[in-house]
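Here the structure comes first, spelled out in structure tokens, and everything after it is commentary.
The values are calculated or read from the model by the stated rules, or taken from the named source; none is laboratory data. This is a predicted model, so every value here is computed, not measured. All Cβ positions, even for glycine, are placed from backbone atoms using ideal geometry, and neighbour counts span all protein chains on display.
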Ligand SMILES: Cc1cc2nc3c(=O)[nH]c(=O)nc-3n(C[C@H](O)[C@H](O)[C@H](O)COP(=O)(O)OP(=O)(O)OC[C@H]3O[C@@H](n4cnc5c(N)ncnc54)[C@H](O)[C@@H]3O)c2cc1C
């Protein structure tokens, strides 16, 4: 054995001493008028609005350039906007051709409908003032984005069905950003750079600098260096806490640590935490979130090469069963846009946190594109018995009993029509399917395994009509603004598809404009 007393101890000096390499400091101004924390859609709408008033603006994005853009980049770019008819849509999408106009029933999505949808799906918990602002400013804000150079197109692929030779839009969702989420993010970054907005990647805001007079900057870790950057105003647009397993479990409850994250790994609740630390008021549905059916074998966080295609949203045309082989939701309760965001939670609550979606040949051609990707957990079979044996972790007898009872209960005398809530239902089951109930009896059969994929959390900060964050006394925190996912009070329990981006745009623009004005 080595005797330590016989060793000569030589002090380590100079070049022998290992020292962590100190990251090089970036040459960045130490003061700005407005700092925006976050690099998604809400952040850039805020940055552009702040810049309009002449403010010097810095965007801190904690992701590296290759992963920039937050959850916004993972989206399909669908945006829920109120419009009075095709003439409004032409203002948003001047490229609409005469042929498209002639062959399409775009319908109307009035402000009242948007407001009603928001109230209905949130079980009338949405904060009226926030909901009204979102709805009444939606069209005007999209026009503003269009004016900045963001392009929009109709969502023919996902939101329109061909009925009697004409496309008919359904579910209040008609417009998407050109190029989807990636297209939206690329154009926002390009427009921001063109407008003289500074963007700093790998720059995580850690703390708000504040005093009795309000906010005067942030402490941020910029490419490994911790620094203070002074600012007259700060806009928090750094998303929710969906990518933070500890916060998910703390606020959403047991089991949520097991959910997969659909989007960015960078939304770890920093903005909310920083604001609460200086006395901001928590607001909204802290135990609620947007969560969907997501491939059971998808990775822990979103994968930009797949985007949103791990989602499996065609369940209204089939059924979903759990490990016991039993159905557990009404798959046809409403248009997919109004149920998908709450069914992730229903799946998480099943034994083993998974479900299988089952379809037959009659509807297979109608499944969304995401069912045809390479990375999909899918089995096929020519008989229901064979299928029962292939559904991993499912009780085969329970499944066969369930599907036979389901088939017998379908009211086949009512015609199937995917473009409307057709009332083709089942009768007499413990959980009836209220629309689009088709018998599952025509081979080949297809089944897809899903688990819960969390999209974003609903709880957050309380803002006033200027986008200013309120403290626990209900008073504005001078110089602190918020927009996007981290604003609480809009969504409870559920969410109408396409509202996340719209909310980021509307409240981002308001927050940015207020922040910019406050610096003059
Ligand atoms: C797969 C998927 C599909 C979706 N599809 C749609 C859709 O089609 N339509 C729709 O309306 N909504 C959709 N959503 C929801 C939508 O993405 C969000 O509601 C919206 O993008 C939120 O925008 P945001 O700007 O608030 O947050 P994000 O876009 O997530 O941006 C947050 C930003 O903050 C940064 N950040 C976090 N912490 C810090 C920190 N401490 N310092 C600096 N930066 C920080 C992040 O890197 C990120 O850039 C989808 C979401 C997912 C995941």
Exercise for the section: Tell me, yes or no, whether the range 204-224 has at least one residue that is surrounded by fewer than 22 Cβ atoms within 10 Å (Cβ to Cβ), at pLDDT 95 or above, under 15 Å from residue 63 (Cα atoms) and in contact with a helix residue (DSSP H, G or I) (Cβ under 8 Å, 6 or more places away or on another chain). Expected result: yes
Exercise for the section: Would you be able to say whether some residue in the range 25-38 is modelled with pLDDT of 95 or more, within 16 Å of the ligand (Cβ to nearest atom) and part of a helix (DSSP H, G or I)? Expected result: no
Handout entry: Flag for residue 272 being more than 18 Å from the chain's Cα centre (by Cα) and not in a loop (DSSP other than H, G, I, E, B)
Key = no
Exercise for the section: Filter the range 261-273 down to residues that are in contact with a strand residue (DSSP E or B) (Cβ under 7 Å, 6 or more places away or on another chain) and surrounded by fewer than 23 Cβ atoms within 10 Å (Cβ to Cβ), then give me how many there are. Expected result: 1
Handout entry: From 417, 407, residue being more than 16 Å from the ligand (Cβ to nearest atom), farther than 30 Å from residue 488 by Cβ and in a loop (DSSP other than H, G, I, E, B)
Key = 417
Practice task
Report yes if residue 172 is within 27 Å of residue 369 (Cβ to Cβ), assigned to a loop (DSSP other than H, G, I, E, B) and out of contact with any strand residue (DSSP E or B) (no Cβ under 6 Å at 6 or more places or on another chain), otherwise no.
Solution key: no
Fill in the blank from the handout: Taking the range 452-495 and keeping residues assigned to a strand (DSSP E or B) and either modelled with pLDDT under 95 or away from the ligand (no atom under 14 Å from the Cβ) (or both) leaves 468, 469, 470, 471, 476, 477, 478, 479, 480
Handout entry: Residues located in the range 223-246, provided they are under 20 Å from residue 302 (Cβ atoms) and touching a strand residue (DSSP E or B) at 6+ places or on another chain (Cβ under 8 Å)
Key = 237, 238, 239, 240, 241, 242, 243
Problem - Criterion violated by residue 491 - all others in (1) touching a helix residue (DSSP H, G or I) at 6+ places or on another chain (Cβ under 7 Å); (2) under 22 Å from residue 76 (Cα atoms) satisfied - result: (1)
Exercise for the section: Please state which one of 484, 500, 516, 460 is out of contact with any strand residue (DSSP E or B) (no Cβ under 7 Å at 6 or more places or on another chain) and surrounded by 24 or more Cβ atoms within 10 Å (Cβ to Cβ). Expected result: 484
